[in-house]
1. Assign unit charges at the C-beta atoms only (+1 for Lys and Arg, -1 for Asp and Glu), then state the dipole size of the stretch 203-244 relative to its Cα centre in Debye, rounded to the nearest 20.
2. Probe of 1.4 angstrom, ligands and nucleic acids ignored: what's the accessible area per residue over the stretch 40-150, in square angstrom?
3. Which value, in Å², gives the accessible area per residue of the stretch 162-284 when a 1.4 Å probe is used on the protein heavy atoms?
4. Over its Cα atoms, what ratio of radius of gyration to 2.2 N^0.38 Å does the stretch 163-279 give?
5. Over the stretch 162-284, what relative contact order in percent results from Cα pairs under 8 Å that are six or more residues apart?
6. Whole Å is fine, so just give me how far the alpha carbon centre of the stretch 66-115 lies from that of the stretch 238-301.
7. Between (1) 28, 46, 23, 3; (2) 35, 58, 7; (3) 32, 54, 14, 0, which matches P(r) over Cα pairs in 20 Å bins from 0, in percent calculated for the structure shown?
8. At 1.4 Å probe size, with the rest of the protein present, what percent of the exposed accessible area of the chain is carbon and sulfur atoms?
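The values are calculated or read from the model by the stated rules, or taken from the named source; none is laboratory data. Predicted, not measured: the structure shown is a model, and the values here were computed from it. Cβ placement follows ideal geometry from the backbone for every residue including glycine, while neighbour counts extend to all protein chains displayed. The area values use the complete protein model at the heavy-atom level, side chains included, leaving out ligands, DNA and RNA. Shrake-Rupley method; radii C 1.70, N 1.55, O 1.52, S 1.80 Å.
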Amino acid sequence: MKKAIPLLLLSGILACCSPSTAQSPAAASSDHTNAKPSTMSTKATVGTFLGAVLQNDPATMRELANADYIQHNPFIPTGLEPFIQMLPVLQENGTTAENIRMFQDGQYVFMHNIWRNAKPFGADEMVSFDIIRLDEHGKVAEHWDAMTPLVTETASGRTQTDGPTTVEDLDKTEANKALAVSLVEDVLMGKNPNKITDYISAETYHQHNPGIKDGLQGIVEAVEYLTARNNMFQYTKIHKVLGEGNFVLTVSEGQWNNTSNVFYDLFRIENDKVVEHWDVIQPIPTEGLANDNGMFGFKND
């Protein structure tokens, strides 16, 4: 497994093909190979860097990323050169990635992706969230991610990645981030779960967690099911909140299935209520680690 895990960093390979921009990573890499990071937009830098990874182009990677690039995937060595040395794994496995959503919050780019031919990760198809931070000079500086197997039959009939991708309500970004934090604290951390209807729409709530049905009733049924089995998940800390307009991603830590987990939750917000939810839950490994950076370690931790 450790041999193929470096492919996780490529989650945004096709990011530049998302609705937010029409340029492909290959084109971006060609256009900006000789450009300094400070002359490129944040999304263009991330797309170009990931395109260079796909093309096994260390020169462009060194141009766009820091030598002390910080890695939070626990199975990838930290630093740029150790990662470059592992690029041949791409050709050996033939793993591909499709970007579904790409958003930006300041110097952070966060992405929602599908992996195919991903058996080295534990399943033939996987879903991931990836976050890349650029430093004050516009260079790729840090990476976080989480993955889960793609499920073909879900409780809601929706997939783990379908649904809207277009950013709206840019003027509401901060308010929507605050709403997501309150939702996690009151409902998922259990501070005041009765306030759930203050945050989640009682009329429309599209659920992409494969084990939960649509609507508030789907959440109630899931909670009853997990509680009856003494296996209700417990969120204990929010590590990062990123948003662009009507989309907000929270990265949290907690307990489930008798293990510590990272919880990535993506919310779509409309008229001050959450109307759609996607997530990735991954156990936090404690063995076979390639770095000691941990799966969190955000600047505001």
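1. Values: 4 positive and 5 negative charges, 60 e Å.
Dipole of the stretch 203-244, to the nearest 20 debye: 280 debye.
2. Details: 3550 Å² over 111 residues.
Roughly 32 Å² per residue, with all protein chains present.
3. Numbers: 5770 Å² over 123 residues.
Per-residue accessible area for the stretch 162-284 comes out at 47 Å².
4. Numbers: Rg = 13.6 Å, N = 117, 2.2 N^0.38 = 13.4 Å.
Compactness ratio reported: 1.01.
5. On the way: 221 pairs, mean separation 32.3, N = 123.
The normalised contact order for the stretch 162-284 reaches 26 percent.
6. The two parts, judged by their Cα centres, are 17 Å apart.
7. Label (2) holds the value from this structure.
8. C and S atoms contribute 49 percent here.
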